[in-house]
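K.L.:
Sharing a structure with you now.
The values are calculated or read from the model by the stated rules, or taken from the named source; none is laboratory data. It should be emphasised that the depicted structure is a prediction, and the values quoted were computed from it without experimental measurement. Neighbour counts are summed over all protein chains in view; Cβ atoms, including those assigned to glycine, are modelled from backbone coordinates with ideal geometry. Calculation scope for accessible area: heavy atoms of the full protein, side chains included, ligands and nucleic acids excluded. Shrake-Rupley method; radii C 1.70, N 1.55, O 1.52, S 1.80 Å.
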Amino acid sequence: MRIVLLSHYYYPEVGAPQRRWRILVDHLRAAGHDVITVAPHPHYPYSDRNGFFGSNVGRGRRRVDVRLGGTWDTGIDGERILRVPYLHSGSSMARQLLDQTVSATGAMSVVIDRLRGRMRPDVIVSTTPALPFLLAGDTLSRLLRVPHIAEVRDAWPDLISEMNLVTGAVGKYLPGTLTQRLEHRLLPDLLTRAQRRAAVVVVTTEGFKRRLEQRGVTAEVVRSGVSLAELEGASGLTATGAIPLVPPAVETSPTGVDATGRTAADRNGLNLLYVGTVGRSQDLSTSIRALARTEGVRLRIVGGGVDTVELKAVAAANGVPVEFHPQIAGAELAAHWEWADAGLVSLSSLDSYECTVPSKLYSLMARRIPVLGVVAGEAADIITGTSAGEVAVPGDTESVAAAMTRMRSRIEAGEEFGMNPPAGMNPRDWVIRHASAAAMGRTYERVLEQVVS
């Protein structure tokens, strides 16, 4: 079948949506399907593509010309990409929304202009977190009379009101009564209607599926998948943005040497690493404040986002050992994971995040890297059920500090994580069964075939 994917985020950018769809496009093309991705020129998380291509991740990558009618590009594995215009986004929420709207509008124009007749798709897939792309997919579905699969990775539209997105973006320009109506009624109703019209809404957790079904939305769960390269222990960063495997200890290792090659004498304190987006949703400030209530815990943050400057100020104000590093890839990122004892997975305390599981959790579990999860709901249940690490209450500094202290004690004692899990499945085996690239690809292909038939 011919599949058109509408996405604001795609390779060679690095991130969870980019990684998910690099893996899925590979799987679908290998299964014989024709996939065309419609996405803006790479620029995330920078304001424009010059910033991206000048970064460690983008330097040396292929560029194509910017044209209003779209530009054909070729992905790393030969997949076809239609690059559409974008707006220099900046760090404000309003500018980011305008950027996404410009790209979504360009995507609609390009699909109508170029993908007609014998190029007409059998199905259109839109993917958030860029909400205008959901509306673009809905509109194109009705214009071209083809089914629409709306992928909603997070709890949208619920997060609009919970995060006060309209107020944060344009609140200073509009009356309070109007922003309240937009946040709590008009925009959520608009997006919910688009979700109901979709042939199916793909979500990543069981909890959010149940919530959507209560609203009359047809939903299916397709968890984010860990690639085969990651599961087999690929060194360095893969094309999908995967973090490297920290090899497990083997029986031939000298007594007292752990999976990172450190002896018992070397295990002093806890090296905690966060890799990913540095934004409001992650609430890393709680973890930074928690460091001030612990001893021997060192935190590195590798990535970029709107909260970076504020987090540096929080770390300085609390006098805690936090290192900040820009978004990187390859051997440089591998070196950070060689330093780390555990990975940090963090979300804010919003109710809807109880229906969210960050894909980096699966990557850590697959590599047998202990997890400090500042998460609730389904993500916390997975960590607890597989004995993958420690869990803390989001937004609760005391709870996070206590979890850090427990993890430090376990790391210093050389304890192995994932042993005798309550759910009867260790972290890596759980991921292989529920959140591997193979499981994700098979499930997505089944959903596509059901929709097209």
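K.L.:
What does the convex hull of the Cα atoms of segment 3-70 come to per residue, in Å³, rounded to a whole number?
P.N.:
98
K.L.:
Let me ask another. Where does the chain land on the Kirkwood hydrodynamic radius, alpha-carbon pairs, in angstrom?
P.N.:
For the chain, the Kirkwood estimate is 22.6 Å.
K.L.:
Right, another one. Kindly provide the helix-only [θ] at 222 nm of the chain, computed as the sum of -39,500 (n - 2.57) over DSSP H runs of four or more divided by all residues, to the nearest 500 deg cm²/dmol?
P.N.:
-12000 deg cm²/dmol
K.L.:
Ranked highest first by the average count of other Cβ atoms within 10 Å around their residues, in what order do 337-343, 348-354, 361-367 fall?
P.N.:
361-367, 337-343, 348-354
K.L.:
Next up: Given a Förster radius of 45 Å and the C-beta distance between Arg181 and Gln450 as r, what FRET efficiency does 1/(1 + (r/R0)^6) yield to the nearest 0.05?
P.N.:
0.75
K.L.:
Name the long-range amide H neighbours of Val275: under 5 Å, sequence gap of 5 or more, or other chain; modelled H, no Pro or chain starts.
P.N.:
Residues meeting the criterion, in which the H sits 1.01 Å from N, are Val302, Leu344.
K.L.:
Given bins 10 angstrom wide, list per bin the percent of all Cα-Cα distances in segment 101-194, short to long.
P.N.:
Cα pair-distance distribution for segment 101-194, in percent: 15, 42, 28, 13, 2.
K.L.:
Can you send over the solvent-accessible area of Thr286, 1.4 Å probe, protein chains only, in Å² to the nearest 10?
P.N.:
Roll a 1.4 Å probe over it and Thr286 shows about 10 Å².
K.L.:
Let me ask something else about it. Give the percent of DSSP beta bridges with both residues in the chain that are antiparallel, rounded to the nearest 5.
P.N.:
That works out to approximately 10 percent antiparallel.
K.L.:
Here's another thing I want to ask about it. What residues have an amide H closer than 5 Å to that of Gly296, excluding those fewer than 5 places away on the same chain, when H is modeled at 1.01 Å from N in the peptide plane?
P.N.:
none
K.L.:
Please calculate the 1.4 Å probe accessible area of Lys312, with all protein chains present, and give it to the nearest 10 Å².
P.N.:
100
K.L.:
Now a separate question. Which whole-Hz ³J(HN,Hα) couplings does segment 193-210 yield from phi under the Karplus relation 6.51 cos²θ - 1.76 cosθ + 1.60, θ = phi - 60°, glycine and proline marked x?
P.N.:
Each residue of segment 193-210 in turn: 4, 5, 5, 5, 6, 5, 4, 7, 9, 8, 10, 10, 9, 5, x, 6, 4, 4 Hz.
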